[in-house]
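Participant: Starting off with a structure, shown below.
The values are calculated or read from the model by the stated rules, or taken from the named source; none is laboratory data. Here the structure is a predicted model, which is why all the values come from computation and not from measurement. Here the Cβ positions follow ideal geometry from the backbone for every residue, glycine too, while neighbour counts run over all protein chains shown. In case anyone asks, the SASA skips ligands and DNA or RNA and just uses the protein heavy atoms, side chains included. Shrake-Rupley method; radii C 1.70, N 1.55, O 1.52, S 1.80 Å.
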Amino acid sequence: MRHTLPIAPQFYVTAPQPCPYLEGRSERKLFTALQGANAERLNDALSKQGFRRSQNVLYRPSCAECSACLSARIRVADFRPNKSQRRALRRNAHLRRNATSPWATEEQYALFRRYLDSRHADGGMADMDIFEFAAMIEETPVRSRVVEYSAPPEVPGEPNRLTAVCLTDVLDDGLSLVYSFYDPAKTQFSLGTYIILDHVELARRSNLPYVYLGYWVPGSRKMHYKAAFSALEIYKNGRWQDLGDPQAHSAETHPLSVEPIAEQVARIALPEIGPGTR
């Protein structure tokens, strides 16, 4: 009699580094390699448990005394845009979407550099060159797409101009926005919001129940915008739950707020390898 066996990846912890979201704190990540024939199944399984993908690595915050970072996703069937989000849809209705294979271009990199220089000049990606950018886009062992948004030829002064880009993973239960960037000169168009709204529509058309947005962090101005999306769920205390009142979630530190690493790893549910797979 043959039995299914769990995939047994090795988990590691990064050294503490300055937190990019909450001033004066350190971040630490629990991570594992994403590779081999079962990469997609592992990505699907761990995404449901608060992990995120970066190239061929899956990671989740595991800070010593802080559990503020909460994985967030939109429940597509229940989502309803608010007034400002409907305005963003109207303002960007002229943009054309093109979903392609994960392949980096010079035009994408030029837009990426303008975005970083304007919005994140002191961030961890500020020194990324075109080769590192290409690795971010192309080094994916799972089903990924580059979703480009461009102005059509009939728009005066901006024919076919690349306006926004999102690297997106296609999971078995949703779309995961890995990284997005856009023209920083068009702040009035709310392009970051529009990218999320368009992915909600893409997920709805594909009968996928969720759109994964990465982490929401109470107390972080950088992450505040995510709480504005209706039907938002967060992964907290080992389960997905409605966000509810954003003010009810604390970013305070506590020495007992985080389980020991060994206990965290023991609680991770891994996918199984069925008969006939290796």
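Participant: Using Cα springs under 10 Å in a Gaussian network model of the chain, which residue among 91, 221, 113 shows the largest mean-square fluctuation?
Facilitator: 221
Participant: Okay, moving on. Compute, for residue 40, the solvent-accessible surface of its heavy atoms (probe 1.4 Å) with the complete set of protein chains present, and express it in square angstrom to the nearest 10.
Facilitator: Residue 40 has an accessible surface of roughly 90 Å² with all protein chains in place.
Participant: If pairing requires two Cys Cβ atoms under 4.7 Å apart, which cysteines of the chain are left without a partner?
Facilitator: That list is 19, 69, 166.
Participant: Which of 264, 85, 49 moves most in a GNM of the chain, Cα contacts under 10 Å?
Facilitator: 264
Participant: Oh, and also: Provide the net charge surrounding residue 176, with neighbours chosen by a C-beta distance below 15 Å and charges set as Lys +1, Arg +1, Asp -1, Glu -1.
Facilitator: Summing Lys/Arg as +1 and Asp/Glu as -1 gives +3.
Participant: In Å, what is the Rg of the alpha-carbon atoms in segment 176-242, and how long is Dmax?
Facilitator: Computed over the Cα atoms of segment 176-242, radius of gyration and Dmax are 13.0, 40 Å.
Participant: Let me ask something else. Along each of the three principal axes of the Cα atoms of the chain, give the extent in whole Å, ordering the values from largest to smallest.
Facilitator: That gives 64, 47, 40 Å along the principal axes, largest extent first.
Participant: Using a 10 angstrom cutoff on alpha carbons, build the Gaussian network for the chain and name the most mobile of 245, 183, 117.
Facilitator: Maximum fluctuation in the GNM of the chain, among the listed residues, is at 245.
Participant: With the contact rule set at Cα under 8 Å and sequence spacing of 6 or more, what percent relative contact order holds for the chain?
Facilitator: Computed over the chain, the figure is 28 percent.
Participant: Give me, ordered by chain and number, the residues 5 or more places off residue 21 or on other chains with an amide H under 5 Å from its own placed amide H.
Facilitator: Long-range HN contacts for residue 21: none found.
Participant: Tally Lys/Arg at +1 and Asp/Glu at -1 over every other residue whose Cβ is under 11 Å from the Cβ of residue 21; what's the total?
Facilitator: Charge balance near residue 21 sits at +1.
Participant: Could you work out the local net charge near residue 188, counting Lys and Arg as +1, Asp and Glu as -1, over the other residues with Cβ closer than 12 Å to its Cβ?
Facilitator: Its environment carries a net charge of +2.
Participant: Pulled fully out, how much extra length does the chain show between residue 97 and residue 269, if you take 0.36 nm times their separation in residues and subtract their Cα-Cα distance?
Facilitator: Once the chain is fully extended between residue 97 and residue 269, it gains 58.3 nm.
Participant: Moving to a separate point now. Calculate the FRET efficiency for residue 37 and residue 113 from the Cβ-Cβ distance with a Förster distance of 51 Å, rounded to the nearest 0.05.
Facilitator: Efficiency computed from Cβ-Cβ geometry: 0.90.
Participant: If you don't mind, there's one more thing I want to ask. Report, to two decimal places, the Cα Rg of segment 38-187 normalised by 2.2 N^0.38 Å (N = number of residues).
Facilitator: Rounded to two decimals, the normalised Rg is 1.14.
Participant: Using a 1.4 angstrom probe on the protein heavy atoms only, line up 224, 94 by accessible area, largest first.
Facilitator: 224, 94
Participant: In addition: In deg cm²/dmol, rounded to 500, what helix-only [θ] at 222 nm does the chain give when every DSSP H run of at least 4 residues adds -39500 (n - 2.57) and the total is split over its residues?
Facilitator: -6500 deg cm²/dmol
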